[in-house]
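The values are calculated or read from the model by the stated rules, or taken from the named source; none is laboratory data. The structure presented is a predicted model; accordingly, all values stated were derived computationally and were not measured. All Cβ positions, glycine included, derive from the backbone under ideal geometry; neighbour counts span all protein chains shown. Remember, those area values only see protein heavy atoms, side chains included, never the ligands or the DNA or RNA. Shrake-Rupley method; radii C 1.70, N 1.55, O 1.52, S 1.80 Å.
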Amino acid sequence: MNTTGPLSPTMDPEKQPRSPERPAFFVRSKKRITIRNLLSLSCFLITIYGLQYIAIHSTSESVVLYQEGCSRPIAKALPTKVKEELFSSVPNTENATAIAKQYSKHPHLAGSLEDYHDALSILEFIQTELNIIKPHSLEQPIYNAGTPKSRAKTIGLTSRLGPRNPTTWIDVYYPYLNTPLDRSLDILDGTGSSIWSADLREDGNAGDEDAAKFRDYIPPWHGLSAHGEGQGQLVYVNYGAYEDYEEVIASGQNLTGKVVIARYGGLFRGLKIQRAEELGAAAILIYSDPRDDGFVTVENNYVPYPDGPARNPTSVQRGSAMYLSSYPGDPTTPGKPAYDKAKREEAKNIPRIPSLPISWANAERLLKEIGDVYTEVGQNGYRKLSGKASEKEVKVVNHVDGKITPIWNTMAAIPGHVRDEVVIVGCHRDAWVLGAADPVSGTVALLEIVRGLGTLLRNGWKPLRTILIASWDAEEYGLIGSTEYGEDFAEWISEHAVAYLNVDVSSAGSRWDAVASPSLAHLIRRTAMDVPHPSEEGKTLWDAKEDEGPFKPFGPVGPDGEFGLVMLNNGDTDAQGVNTTISSHRILEIGNIHADADVMEAYEATRNIRLGKTEGKDGTAVGPMGSGSDFTVFLQRLGIASSDQGFAGTPYDAPYHYHSIYDSFQWQEVYADPGFKKHVAIAQHLGLLVLRLTDSIVIPLNTTQYALELDGYLDRVESLLPSLEAEREILTVQTAFSTLRQYIAQLQDISILLDIEKQEAEQHFKELLEQMPSFPSSTFIVTTGGARRTFVYRFKEWVKRLFGVQCPRDTFLVDSWEDLLSRYDSDEQDDEALAGWLKHRLPASHNHEMQELPDIPDVPKPPTPPDIPGIPDIPDIPDIPGIPDIPDIPGIPDIPDIPSIPSLSLPSLPLPTSTLILRSPPKLPSPPPILEFIRAAKRVSRVNHKLFLFERGFIDEGGIKDREWYRHLGVAPGKWLGYGATTFPALTEAITIDKNLTAAMFESGRLVKLLEQMIESLRV
């Protein structure tokens, strides 16, 4: 066995092969050497400590000089404008292109060898950019999650004696994943023989070199799909939304034993599978329909990719089949981290019927077996699903290999002055195949942010708060890497996280969009208005919310000036009368091109919501968050204010080949982001968000905006009540809603008072900060216990710290005035002890600053001083010790001779008042108001604590009915949406899904209780 090779990704990183056994005599010699080394080390430690003790020589406080293990620049406060301009200058198109090419030229499926190598590559990139000393290649910081080393890396970040310099590491988790074996899809005749077989592969057109190279590397399949076979008649269910299934059932169709076929879009794919399973289907097929591509279709004479912008008809969307609305993360350890030796349970969030993703080329052939999938309803052309089943049966085979698989989260941190407040930014790294858009475009932004932060560090900057950076793994399978980390460090995150900022797909189209917690909405908008538009001079990134693709046809041409003309398309038939297109659907026609009218109307409706045109006066044009990316565990389970952003496609863009081999570098370079300017814009915006959340004295979270938006949440719930058709019960619920609205109003009022307090607290802190002298350049360990410590005690505690043992709670590090902003929970006695220590320590530094003032020039001919009473009594000065009798000093017989005084050489004598007036020296500053400053810092810290804990107020340990993993009662992914957000989810679904007014009353009461607690927590 090769014992010196690289770490194997299939092996426990802490159980690698050991070196061969050495001879016994060598072992004995090694023991003797070890004893001598220990004695030498002990002497060395005692000597070093003794020198430090003598150098510091504290009096009544325990004060130890702390030396860093490696050097770093002395932190200096860069002016905000200078800092942000310097950061924004770092992301550039050349680097973005190079990073995109590096990570999108090979597949990197979660748990694969390529994925492991990418994790190491990003680790080394961060080490270089943040000036972290690289260990030996066999000693990279890779730790099994749950081990002391892994836990210390995260928890130690907020420890009072944690790392002072940037650090990076990899956490290894062990979830259940699967990979494809064999698959097949056949149309059967009456005897069960195949009369048509789908190819189930993408063509790998040579026009895209990377797609051609890796066409069969990862076959089309659904991650975490069920192993098995299904056979039955084929039934079309449109998007496979809950309402679509209800429509099919209403048509009289029974789905038991049927094979369902649905198109992608509208909701998360796993929920299409889940509902089919609940209704007894034998299997399900999901395809990408060109109707959802808007105007850029082959029907409109656009050439398919790679020769043109239209969808390649053989492209297939892979993806997770997880029941995301139940719970994300490792299916076998819900709510707990997936450690190597974790106790596992039967998965409850993955399918039990087989599923396959297929191309439009295959789906088009299958749909011919059904015929009319819609029935026309009314003269306006609106249609319903026919529920019609095919005469012939189809057979679906999906065989997979499932096992516990290691995944690698690459983590990094930059410790801040306020160690116990942490801003987290992350993007996942794994992809179904090449992933140039998802997630490489996001990874580009993340790594450009790292480069920008590294540049700031090299210019002497140190963040006010700690920054945690994450490259998550296995997001594509079901948000696994981030969820396992969130479950692993739930308590730590809940206590310390200020916000989580996510990026996934930076660039997949023309329209920029952001979703976020309402408390972040204003910051996102203000920051977007400070970032230039990626392609249009004079515009900002915020303006890109209204951008649409380059293939938009000219209009309007409708009879009333509307955009396009809606008309009915009855479909085409071949010579045998068989439909060759989806029948009887409405189209929007402009000139000689057209698009599906339903798709376009849905696009315009969601566009108006994104632009804030339907939100009323309190709208921000930053929408709520559902799920579908790594922010889920932070927001929906732990209550951390979160955001996500990126450029998405429109009906006028080249269709995005989502999770296909054609999500490639070439497609990105030609259609999504020529020049990679959008990548740069996202890096600048996201990076500035990180800096503003990190370095603002008062955290820029807007609780009042959040409280105002709650009225809109309740308005939407109340609008659902008439559908219940139970007037008496509705009146009862409306009374309960009235109480809920009163508490919302109280929360708004108390939040406005907090706004006043945070403004006053910040202003007072800044005023006092300007009066403080420069802090000593060394870092100090301060113990505010007050009792004098013995030498033995001091040495014992020093050795503990040397080997990573946690210090007492009254011990903390101080290397700047800003460090004091972390003392929100300190008591008055500790504050006074700290102030006393600082007063004892600072005078030398303070006086040194005074000595550095420019020399006061001599005045050659001072004016005759005014007649000041008391000056004739100068001869009485001899009363001052050390001053010779005045009569013995020639040249001072009387007042008129005062101009000769400058010629006297009396440097050590205190000068008379009249002479001070003549020399006009600067007035020495009064001692800094240290205790007052400490109290002001604590005041700011308490405000910040209220701000970042506000989102936690929506967390209820009981969770949401039927999916208790989700605990946020303010917003969650809709039960039958997955991606989409539902506000007041438990209350909404009690009405819309359960249709239970008693349950609605209960959920209203739960919200009232949470709001009552939030009101108390915000009081100042």
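Quick look at the values:
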item: Of residues in region 475-516 being of a type in the set (Asp, Glu) and in contact with a strand residue (DSSP E or B) (Cβ under 7 Å, 6 or more places away or on another chain), the one nearest to ASN702 (Cα to Cα); result: ASP513
item: Tally of residues being more than 26 Å from SER112 (Cβ to Cβ) and in contact with a strand residue (DSSP E or B) (Cβ under 7 Å, 6 or more places away or on another chain) across region 165-195; result: 8
item: Members of region 1005-1019 that are under 14 Å from VAL943 (Cα atoms), open to solvent by 20 Å² or more (accessible area, probe 1.4 Å) and of a type outside the set (S, T, N, Q); result: GLU1016, ARG1019
item: Top-ranked residue in region 120-146 [being among the polar types (S, T, N, Q) and either modelled with pLDDT of 95 or more or in a loop (DSSP other than H, G, I, E, B) (or both); ranked as farthest from the chain's Cα centre (by Cα)]; result: GLN140
item: Region 122-133, residues that are open to solvent by less than 30 Å² (accessible area, probe 1.4 Å) and either in contact with a helix residue (DSSP H, G or I) (Cβ under 6 Å, 6 or more places away or on another chain) or within 21 Å of ILE682 (Cβ to Cβ) (or both); result: ILE122, ILE126, LEU130
item: Residues of region 480-497 satisfying the condition of being within 22 Å of GLY953 (Cβ to Cβ) and small (Gly, Ala, Ser); result: GLY486, ALA490, SER494, ALA497
item: Residue ID - farthest from GLY335 (Cα to Cα), chosen from residues in region 628-645 that are assigned to a strand (DSSP E or B) and open to solvent by 10 Å² or more (accessible area, probe 1.4 Å); result: GLN645
item: Top-ranked residue of region 363-374 - restricted to ones that are in contact with a Phe, Trp or Tyr (Cβ under 7 Å, 6 or more places away or on another chain) and open to solvent by less than 10 Å² (accessible area, probe 1.4 Å), ranked as nearest to LEU185 (Cα to Cα); result: ALA363
item: Answer residue from region 375-388, given it is part of a strand (DSSP E or B) and open to solvent by less than 50 Å² (accessible area, probe 1.4 Å) and is modelled with the lowest pLDDT among those; result: ARG383
item: Candidates ILE469, ILE449, ILE480 - the one that is surrounded by 24 or more Cβ atoms within 10 Å (Cβ to Cβ) and over 22 Å from GLN127 (Cβ atoms); result: ILE480
item: Residues within region 274-292 that are in contact with a Gly (Cβ under 8 Å, 6 or more places away or on another chain) and outside any strand (DSSP E or B), tallied; result: 7
item: Qualifying residue in region 96-110 (condition: among the hydrophobic types (A, V, I, L, M, F, W, C), without any contact (Cβ under 8 Å) to a residue 12 or more places away in the chain and outside any loop (DSSP other than H, G, I, E, B)); result: yes
item: Members of region 80-113 that are open to solvent by less than 50 Å² (accessible area, probe 1.4 Å) and of a type in the set (D, E, K, R); result: LYS83, GLU84
item: Residue selected from region 994-1020 under the condition touching a residue at least 60 places away in the same chain (Cβ under 8 Å) and more than 31 Å from the chain's Cα centre (by Cα), by the criterion nearest to ASN944 (Cα to Cα); result: GLY1005
item: Per-region count, region 265-279, residues surrounded by fewer than 20 Cβ atoms within 10 Å (Cβ to Cβ) and in contact with a Ser or Thr (Cβ under 9 Å, 6 or more places away or on another chain); result: 2
item: Test: residue in region 422-436 that is open to solvent by 10 Å² or more (accessible area, probe 1.4 Å), over 30 Å from LEU464 (Cα atoms) and in contact (Cβ under 8 Å) with a residue 40 or more places away in the chain; result: no
item: Residue among GLY612, GLY675 that alone is part of a loop (DSSP other than H, G, I, E, B), open to solvent by 10 Å² or more (accessible area, probe 1.4 Å) and closer than 30 Å to ALA986 by Cα; result: GLY612
item: Condition met for GLY980 (among the small types (Gly, Ala, Ser) and open to solvent by less than 20 Å² (accessible area, probe 1.4 Å)); result: no
item: Residue in region 301-339 that is farthest from GLY486 (Cα to Cα), counting only those that are polar (S, T, N, Q) and open to solvent by less than 10 Å² (accessible area, probe 1.4 Å); result: ASN312
item: GLU391 being surrounded by fewer than 21 Cβ atoms within 10 Å (Cβ to Cβ) and within 29 Å of GLY146 (Cβ to Cβ); result: no
item: Residue satisfying condition, being surrounded by fewer than 24 Cβ atoms within 10 Å (Cβ to Cβ) and either part of a helix (DSSP H, G or I) or in contact (Cβ under 8 Å) with a residue 40 or more places away in the chain (or both), within set TYR245, TYR217; result: TYR217
item: Only one of THR455, THR443 that is surrounded by fewer than 24 Cβ atoms within 10 Å (Cβ to Cβ), more than 29 Å from PHE950 (Cα to Cα) and either in contact (Cβ under 8 Å) with a residue 60 or more places away in the chain or out of contact with any Pro (no Cβ under 6 Å at 6 or more places or on another chain) (or both); result: THR455
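Here's the yes/no breakdown for (1) within 24 Å of PRO107 (Cβ to Cβ); (2) in a helix (DSSP H, G or I); (3) among the β-branched types (Val, Ile, Thr):
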{"site": "SER150", "(1), (2), (3)": "no, yes, no"}
{"site": "LEU157", "(1), (2), (3)": "no, yes, no"}
{"site": "LEU177", "(1), (2), (3)": "yes, no, no"}
{"site": "LEU181", "(1), (2), (3)": "yes, no, no"}
{"site": "ILE195", "(1), (2), (3)": "no, no, yes"}
{"site": "ARG201", "(1), (2), (3)": "yes, no, no"}
{"site": "ALA226", "(1), (2), (3)": "yes, no, no"}
{"site": "GLY232", "(1), (2), (3)": "no, no, no"}
